[in-house]
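Notes to accompany the following structure.
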Amino acid sequence: MADQLSRLFAALADPTRRDIVARLAVGDATVGQLAAPYEVSVQAVSKHLKVLEDAGLVSRSRDAQRRPVHLESEVLELMTSWIERYRRAAEERFRRLDAVLAEMNAEKNTDTNEEQRP
């Protein structure tokens, strides 16, 4: 699992590949359509797609003369569940920290009130 996660995160480390994934989330597209907004060659975008394909994030199919690229969104679930596990742990730590800080603040207010009494 960690090996696949490493490939997924490495593939998404590049901003162009993240943008390609975001665009494919809207719908399938050809390499030419994906390359259009970038100031790079179709070959360069194909290399980005190869990295995404090796990570399992996209697949290519044949539709007559077209070869649309498809986002394999279920692979994102693996990343989401991994991130979610650590998000929950971090939130629990923050809740405990909030409780400690609230207790410290309450003690400080109690001490301040006692010092102000004549």
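Taken together, the values in this text are just the output of simple stated rules run on the coordinates, not laboratory data. It should be emphasised that the depicted structure is a prediction, and the values quoted were computed from it without experimental measurement. Here the Cβ is made from the backbone with ideal geometry for all residues, glycine too, and neighbour counts use every protein chain on show.
Counting other Cβ atoms within 10 Å, which trypsin sites (Lys or Arg not before Pro) in segment 55-114 have at most 13 and lie in a DSSP loop? The qualifying sites are Arg62. Quotient of the Cα radius of gyration of segment 56-115 and 2.2 N^0.38 Å, N being its number of residues: 2.43. Taking a Cβ cut-off of under 13 Å around Glu53, the surrounding Lys, Arg, Asp and Glu residues balance to a net charge of +4, with basic ones at +1 and acidic ones at -1. At q = 0.11, 0.14, 0.17, 0.22 Å⁻¹ the log10 of I(q)/I(0) for the chain amounts to -0.52, -0.68, -0.86, -1.18, computed by Debye summation with a single uniform scatterer per C-alpha, solvent ignored.
Taking the chain as the reference, fit the longest principal axis to its C-alpha atoms, fit the long axis of helix 2-11 to the helix C-alpha atoms, and give the angle between the two in degrees, 0 to 90, nearest 10. Computed tilt is about 70 degrees. Using Cα atoms only, what is the angle between the long axis of helix 74-116 and the major principal axis of the chain, expressed in degrees (0 to 90) to the nearest 10? The answer is roughly 20 degrees.
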